[in-house]
Amino acid sequence: MGSSDFSWKLPDHPKLPKGKTIAVVVLDGWGEANANEYNCIHIAETPTMDSLKKGAPEHWRLVRAHGKAVGLPTEDDMGNSEVGHNALGAGRIFAQGAKLVDLALESGKIFDGEGFNYIKESFETGTLHLIGLLSDGGVHSRLDQVQLLLKGASERGVKRVRLHILTDGRDVLDGSSVAFVETLENDLAKLREKGVDAQIASGGGRMNVTMDRYENDWSVVKRGWDAQVLGEAPYKFKSALEAVKTLRAEPKANDQYLPPFVIVDESGKSVGPIVDGDAVVTFNFRADRMTMLAKALEYENFDKFDRVRFPKIRYAGMLEYDGELKLPRKYLVSPPEIERTSGEYLVKNGVRTFACSETVKFGHVTFFWNGNRSGYFDEKLEEYVEIPSDSGITFNEKPIMKAVEIAEKAREAILSGKFDQIRVNLPNGDMVGHTGDIEATVVACKAADKAVKLILDAIEQVGGIYVVTADHGNAEDMVKRDKSGKPQLKDGQVQILTSHTLEPVPIAIGGPGLAPGVRFRNDVPTGGLANVAATVMNLHGFEAPSDYETTLIEVVDK
């Protein structure tokens, strides 16, 4: 929509007043599922969230947070924090990540675009390196997309290909890496039969190698750099299958935390370091865990670790990972154009905004909420606060994370009277849930619930309104299930689920400032995260733009 087709001025809501302080609280990884021993939210003491659920039914409901409701291809696609916060902030559903790539591969447009033509210039004399998560989880990447990318490159003249694989075990079952490597090795063998020199060159587990995010731990990226670029790693093998099988047998080496390895030839030399003249594609479509590597590959001035060498390469991401930083400069698939987000509308209508989380989710209440855009819309009306996350430990070691600190910052902002909207993300349920540690996840849920209470108490003090919701499920179901819904066993042991889920998430509204007669509508049964933006705009006293997903609330005369 061009600038001449709309006005930033939002019409007033006919029945809802302006001027109330509104807290928007996003509980990360907090879905709704049946009560059982694997539902950490149910097990945990969560009196605040329980009271919201047991309160007035017209002020609590569920919304969809996965699949088509957040722009993903199918209802089997679990939601994630990026698409969830895009939907929460944008108020509309945009084709996302996997779906964008699927459409580009299906039409062949990916091979005609500027990004592919750029890397193709290295096909004649250089090597094409593909780096990313080897998984069919559909959260960061998908194996079938990598297969199509390989096929397309081979049909367009690539002579030498090297893959640098990151094993998953987080969005898929631990141990599935072996089958993924076998599938990939079979594909590469067929390419070799056609005269393409194609091999896996290096690898490692996603939480140990390359895939850190929000600059939490650069040593993770360095371990990947050493293996991928320098061809150096503590473990050397003749094949990736041997590497994964052997390293999984090491004590506590699961797919997520496999140490870095390189594949070597008969003389012990790495088969695929990245050198001058090569092309590199990071094939994850999700941005958060590729951005740090993208900086290392692209930035000439870089001081996060000693790269030893900085090869002159042609680099492209599967997607653009940061629209504000224009990172990377080249990409194979163009991003969704998310403009006119609720955050921008509200700021341009004078709504003073405060946003806060800790490092691991700070980008979600800012960058992703604002339509994949960094920075402020208006520095005079906005303040964003990032609380540093714990680093150097896994999140189950300190499952309370920074929940209290986030809540205290939110409380200060509420009580200061400087802001009309305070939005926060409490990461505990998601980040600790990903570790698969049920006991720690229970502690995490309790901590998040306490944080919610601190924020709601402050809203009570100022006569404000709260909106408490979530971005996707995780902590509410920590077990892999068979088709009948029963816990899945392997070697007599229950298979722990570390990924997100397909469950709906709650949304609750309330507070002393909520106008009489406000209730959730009954005629939006399939409402999703994108409906939340119009709802929040209404609570600020405005009508949402006509192309937004409809509001979840109505005002009835009492």
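Miscellaneous remarks
- Filter on K109/K151; K99/K120; K295/K380; K15/K380; K238/K490 - keep pairs with C-alpha separation over 21 Å: K99/K120; K295/K380; K15/K380; K238/K490
- Rounded if a/c under 1.5, otherwise prolate or oblate - the chain, Cα gyration tensor axes: prolate
- Relative contact order for the chain, counting Cα pairs under 8 Å that sit 6 or more residues apart, in percent: 27
- Using a Förster distance of 22 Å, the FRET efficiency for T74-Q147 (Cβ separation, nearest 0.05): 0.75
- Sorting 32-40, 312-320 by average packing, meaning the other beta carbons within 10 Å per residue, from highest down gives 312-320, 32-40.
- In a fully extended conformation the segment linking S239 and E379 would gain 45.1 nm over its present Cα-Cα distance, using 0.36 nm per residue.
- Packing-based ranking of 155-167, 11-23, 85-97 yields 85-97, 155-167, 11-23, ordered from highest to lowest mean Cβ neighbour count within 10 Å.
- Residues whose amide H lies under 5 Å from that of G464, counting only those 5 or more places away or on a different chain, are G513; hydrogens are built 1.01 Å from N in the peptide plane.
- Partner aspartates and glutamates whose Cα lies under 20 Å from the Cα of K418, excluding those fewer than 8 positions away in the same chain, are identified as E344, D378, E379, E382, E383, E386, E405, E408, D457, E460.
- Extreme residue, positive dipole direction of region 103-168, given options L148, G126, L103 (C-beta unit charges): G126
- Counting lysine pairs in region 304-373 that sit 8 or more residues apart in sequence, or on different chains, and whose Cα atoms lie under 23 Å apart gives 7.
- Gyration tensor verdict on region 321-452 (Cα atoms; rounded if a/c is under 1.5, prolate if a/b is larger than b/c, oblate otherwise): oblate
- Under 5 Å between amide hydrogens, built in the peptide plane, is the criterion, and for D322 it picks out L327 among residues at least 5 positions away or on other chains.
- The chain: angle of helix 81-90 to the longest principal axis, Cα-based, in degrees nearest 10: 40
- Fully extending the segment from E339 to N186 would add 50.8 nm, taking 0.36 nm per residue of separation and subtracting the current Cα-Cα distance.
- Nitroxide proxy distance, nm - points 7 Å out along Cα→Cβ at D276 and T246: 3.3
- Here's the picture: a label point sits 7 Å out from the Cα of T550 along the beta-carbon direction, and within region 505-537 the residues with their amide nitrogen under 16 Å of it are 519-536.
- Within-12-Å neighbourhood charge of W225 [Cβ basis; K, R +1; D, E -1]: +2
- Region 1-136: C-alpha gyration tensor shape, a/c 1.5 cut-off, then a/b vs b/c: oblate
- Each Lys and Arg adds +1 at its Cβ and each Asp and Glu adds -1 at its Cβ; summed about the Cα centre, the chain shows a dipole of about 260 debye.
- Cut-off 11 Å between beta-carbons: net charge of the residues surrounding F111, Lys and Arg +1, Asp and Glu -1: +2
- Remark: region 30-40, residue by residue, has Karplus-estimated 3J(HN,Hα) of 10, x, 10, 9, 4, 6, 7, 5, 9, 9, 5 Hz, where x stands for each Gly or Pro and the curve is 6.51 cos²θ - 1.76 cosθ + 1.60 at θ = phi - 60°.
- On a per residue basis, region 410-558 carries 36 Å² of accessible surface, using protein heavy atoms and a 1.4 Å probe.
- Cut-off under 5 Å, modelled amide H: who pairs with I131 long-range: H164, V281, T282, F283
- Only helices enter this figure: runs of n ≥ 4 DSSP H residues, each worth -39500 (n - 2.57), summed and divided by the residues of the chain, yield -8500 deg cm²/dmol at 222 nm to the nearest 500.
- Listed by chain and number, the aspartates and glutamates placed with their C-alpha closer than 16 angstrom to that of K252 are D168, D174, E397, D437; residues fewer than eight positions away on the same chain are left out.
- In order along region 118-128, phi translates into HN-Hα couplings of 5, 5, 5, 5, 8, 5, 6, 10, x, 10, 8 Hz, rounded to whole numbers, per the Karplus curve 6.51 cos²θ - 1.76 cosθ + 1.60 with θ = phi - 60° and x for Gly and Pro.
- Other residues with beta-carbon under 14 Å from the beta-carbon of A249 carry, at +1 per Lys or Arg and -1 per Asp or Glu, a net charge of -1.
- Rounded to whole numbers, the Karplus 3J(HN,Hα) couplings from phi for region 536-546 are 5, 4, 4, 5, 7, x, 10, 8, 7, x, 5 Hz, using 6.51 cos²θ - 1.76 cosθ + 1.60 with θ = phi - 60°, and x at Gly and Pro.
- Label zone at D491 (point 7 Å along Cα-to-Cβ), backbone N below 11 Å, region 222-251: 249-250
- Within the straight-line cut-off of under 18 Å between alpha carbons, the aspartates and glutamates reachable from K222 are D212, E232, D288, E298, E300, D303, D306, sequence neighbours fewer than 8 places apart in one chain being disregarded.
- A protection proxy built from the mean count of other Cβ atoms within 10 Å ranks the segments 66-78, 277-289, most packed first, as 277-289, 66-78.
- Accessible surface of the chain [probe 1.4 Å, protein heavy atoms]: carbon and sulfur percent: 48
The values are calculated or read from the model by the stated rules, or taken from the named source; none is laboratory data. Note that this is a predicted model, so its numbers are computed, not measured. Using ideal geometry, Cβ is built from the backbone for each residue, glycine included, and neighbour counts are taken over all protein chains shown. Keep in mind that these areas ignore ligands, DNA and RNA; they rest on the heavy atoms of the full protein, side chains included. Shrake-Rupley method; radii C 1.70, N 1.55, O 1.52, S 1.80 Å.
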